[in-house]
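Following: one structure in structure tokens, then a few remarks.
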Amino acid sequence: MVLGKRSERVGEVILGEISRLLLREVKDPRIGFVTLTGIDLTDDLRHAKVYISALGDEDARQKTLEGLSSCAGFLRSRLGRELRLRYVPELAFHWDTSIAQGVRISQVIDELKVSREAAVGVALEQIVDLIRRNESFIITCHIDPEMHWVLCWAWHCSCRKSGSEWL
């Protein structure tokens, strides 16, 4: 993927280097299993927000953040040695909330699916009842493909129970 702005390109390099340093050189016991999920680097390359996620309870997560904050100076000095930049950004570590937001969105979608399935079940029963009460009827096409399937299934169920045939 080609990144546009220089700050984005440099940010990706910095993120990779921080990852390498955390893996091989930082020995702080407070820092557990951490994933670096992103970086926001200002256009002047002086400040960087490094987004992280980590496993564990709230206490372990807080200790991880404290450990990362305490080694930010070490990481910055090592970045200065490894990368050829005029300015090495000040590092600030922040929790990445996008994962929690994604989980919440997924839960809402699942809840909507359940409520829609329940509504479709009620609609299906009503459609079957209407078909049974009438000798002839017309089914037309419409935009919603799921509803089309529901109507066809209702018609099929109605015809099977009444002994009729359907085209």
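The values are calculated or read from the model by the stated rules, or taken from the named source; none is laboratory data. Just so we're clear, the structure is a prediction, and the values are computed from it rather than from any experiment. Cβ placement follows ideal geometry from the backbone for every residue including glycine, while neighbour counts extend to all protein chains displayed.
On the given criteria, is G32 surrounded by 14 or more Cβ atoms within 10 Å (Cβ to Cβ) and modelled with pLDDT under 90?
Considered against the rule, which asks whether it is surrounded by 14 or more Cβ atoms within 10 Å (Cβ to Cβ) and modelled with pLDDT under 90, G32 comes out as yes.
Please state which of the following conditions D40 fails to meet, knowing it meets all the rest: (1) modelled with pLDDT under 90; (2) in contact with a Phe, Trp or Tyr (Cβ under 8 Å, 6 or more places away or on another chain); (3) acidic (D, E).
Here D40 clears every test but (1).
Which of the residues spanning region 48-89 are closer than 18 Å to E12 by Cβ, touching a Lys or Arg at 6+ places or on another chain (Cβ under 9 Å) and among the charged types (D, E, K, R)?
E82 - this is the single residue of region 48-89 that is closer than 18 Å to E12 by Cβ, touching a Lys or Arg at 6+ places or on another chain (Cβ under 9 Å) and among the charged types (D, E, K, R).
Can you name every residue in region 58-81 that is at pLDDT below 90 and either touching a Cys at 6+ places or on another chain (Cβ under 9 Å) or of a type in the set (A, V, I, L, M) (or both)?
A60
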